[in-house]
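Take a look at the structure set out below.
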Amino acid sequence: MIGRNDPCPCGSGKKYKKCHGRQEGGAEALAEAELKRIMSAYIRNAPSSLGREELSLHIKTWMTHLGGLMESDVIEGAAFEHFLFSVHRQEWQKYLDDMLARTGREEVRMVLRSWQEPFILLAKLEGRDSGHFVLEDVFGEAVRTMKIAGDTDAPDGTVFFGTVLPDPRERDNGIQPVTMLYSIPAGAAGITGRIRRLAESEGRVPDAGFLSDQLMEVFGLLFTPWDKEEEVLAVPAEEDSIPAPAEEAEVEAAAAEARQGNAPETATLTGGQAGAVTMLLQALEEDGAAAPAATRLQEEMTRYFVEENPIVRKPGGIVAGLYLAAGNEGLLAGTPLTAKEAAKRFGVSEATAQKYAGVLASRLGK
């Protein structure tokens with residue numbers, strides 16, 4: 001028990017009777033304050049212990065991939081949250097174990113135990129119940145509840161998306177956001193189909209684990225306007241390197257120009273192809289690549305696009321593959337990236353990086 005004249009455990013420096021002891025329901029308020037302190041301490045201190053260079057690269061990758069779809073500060077916040085609670089989930093769990101050993105308040109301990117498994121929520125608002133949103137998983141049958149904060153509201157059918165923690169204080173199926181949730185308007189076309197096709201392209205099912213592993217890609221799909229994405233998504237995932245419909249004469253003329261050694265015009269590239277070239281140039285600049293090598297890689301990527309005209313859903317996959325192929329050919333200074341390192345840097349799977357490395361290796365070996 002805390003005496004009235006003891007220091008308040010919330011850390012304010014005040015006596016308990018002049019701090020949380022004054023509030024109605026002081027025990028609950030004190031537990032809430034302790035939980036907020038535990039969360040804020042992790043968010044504040046984790047970047048130093050986990051590696052600021054790794055965090056900076058992680059955020060930069062998200063910025064490159066999602067720039068133009070979301071505000072920069074929103075991208076940075078989402079990437080930061082993903083880094084702390086998904087990429088480094090084990091560090092979060094170790095931190096909670098340490099906090100469990102330091103607190104004797106049972107309500108706090110109950111919540112900390114439930115927080116061990118953060119997950120990505122993708123759920124549709126089905127209604128309200130006594131001050132709580134009732135949410136049903138888009139790709140499952142789980143029904144969850146989330147306390148409505150203040151006068152926050154949303155129409156039924158709205159899809160909520162983001163990293164959440166279980167919150168059993170009021171309801172067994174309760175959840176709470178780590179920091180914030182994102183909402184997609186009710187009736188937005190193609191949300192389920194977009195993510196399902198992405199999962200199928202990786203040979204997976206669109207469960208919470210997949211959403212966590214491919215969170216950056218999912219953000220891109222959810223925030224790309226439907227009229228811009230529909231054409232791409234209409235193509236089966238396994239055919240993402242099949243030439244897009246075009247006049248044969250036009251494609252052949254461009255290919256002939258490329259074969260003659262003339263640098264093809266980037267104005268002929270699609271949005272995804274141009275995005276891959278931009279991502280490549282940014283990466284080469286960050287790495288301080290020598291001008292001859294940078295020019296060679298840009299030209300080979302552009303020729304590949306002009307000759308083959310692939311539909312590019314994942315610019316990072318092409319860039320990761322080119323980096324792998326270039327490293328194997330000794331075109332880049334320093335230690336060549338491994339498939340795992342290239343995949344992580346450019347936000348794709350190792351299989352995708354290796355696939356494009358195989359496609360591009362023969363071009364660099366000429």
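The values are calculated or read from the model by the stated rules, or taken from the named source; none is laboratory data. These figures come from a predicted structure and were not determined experimentally. So basically every Cβ, Gly included, is an ideal-geometry build from the backbone, and we count neighbours across all protein chains shown. These area figures cover heavy atoms from the full protein model, side chains too; ligands, DNA and RNA do not enter into them. Shrake-Rupley method; radii C 1.70, N 1.55, O 1.52, S 1.80 Å.
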Worksheet item: Which residues, counting only those in segment 301-338, are within 23 Å of the chain's Cα centre (by Cα), open to solvent by 30 Å² or more (accessible area, probe 1.4 Å) and within 21 Å of Leu57 (Cα to Cα)?
Response: Leu337, Thr338
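Can you tell me which residues in segment 51-91 are of a type in the set (A, V, I, L, M, F, W, C) and under 14 Å from Lys344 (Cβ atoms)?
Selection gives Leu55, Leu57, Ile59, Trp62, Ala79, Phe83, Val87.
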Worksheet item: Has segment 67-85 got at least one residue that is in contact with a Lys or Arg (Cβ under 8 Å, 6 or more places away or on another chain), surrounded by 15 or more Cβ atoms within 10 Å (Cβ to Cβ) and closer than 30 Å to Glu341 by Cβ?
Response: no
Practice prompt. Tell me which residues, restricted to segment 88-123, are closer than 30 Å to Ile195 by Cβ, among the polar types (S, T, N, Q) and in a loop (DSSP other than H, G, I, E, B).
Written response: Gln116
Practice prompt. Quick one: count up the residues across segment 42-66 that are charged (D, E, K, R) and over 17 Å from Ala343 (Cβ atoms).
Written response: 3
Response to the item:
The condition from (1) closer than 25 Å to Ser114 by Cβ; (2) open to solvent by 20 Å² or more (accessible area, probe 1.4 Å) that Thr192 misses is numbered (1)
Fill in: 1 or more residues at pLDDT 85 or above and of a type in the set (Val, Ile, Thr): qualifying strands (runs of 3 or more DSSP E) within segment 148-223
159-166, 174-177
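Results for (1) over 23 Å from Leu66 (Cα atoms); (2) hydrophobic (A, V, I, L, M, F, W, C); (3) exposed (fewer than 13 other Cβ atoms within 10 Å of the Cβ), shown as yes or no for each residue.
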| site | (1), (2), (3) |
| --- | --- |
| Thr152 | yes, no, yes |
| Pro155 | yes, no, yes |
| Gly162 | no, no, no |
| Pro166 | yes, no, no |
| Arg171 | yes, no, no |
| Leu198 | no, yes, no |
| Ser201 | no, no, no |
| Phe210 | no, yes, no |
Discussion item. Let me spell it out: the conditions are (1) open to solvent by 70 Å² or more (accessible area, probe 1.4 Å); (2) within 22 Å of Ala154 (Cα to Cα), and Arg113 meets all of them except one. Which number is the exception?
Written reply: (2)
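Take segment 313-333 and flag every residue that is assigned to a helix (DSSP H, G or I) and touching a residue at least 40 places away in the same chain (Cβ under 8 Å).
Of everything in segment 313-333, those that are assigned to a helix (DSSP H, G or I) and touching a residue at least 40 places away in the same chain (Cβ under 8 Å) turn out to be Pro315, Gly316, Ile318, Val319, Leu322, Tyr323.
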Worksheet item: Is it true that Leu84 is in a helix (DSSP H, G or I), free of Cβ contacts under 8 Å to residues at least 60 places away in the same chain, out of contact with any Asp or Glu (no Cβ under 6 Å at 6 or more places or on another chain) and within 22 Å of Phe210 (Cβ to Cβ)?
Response: yes
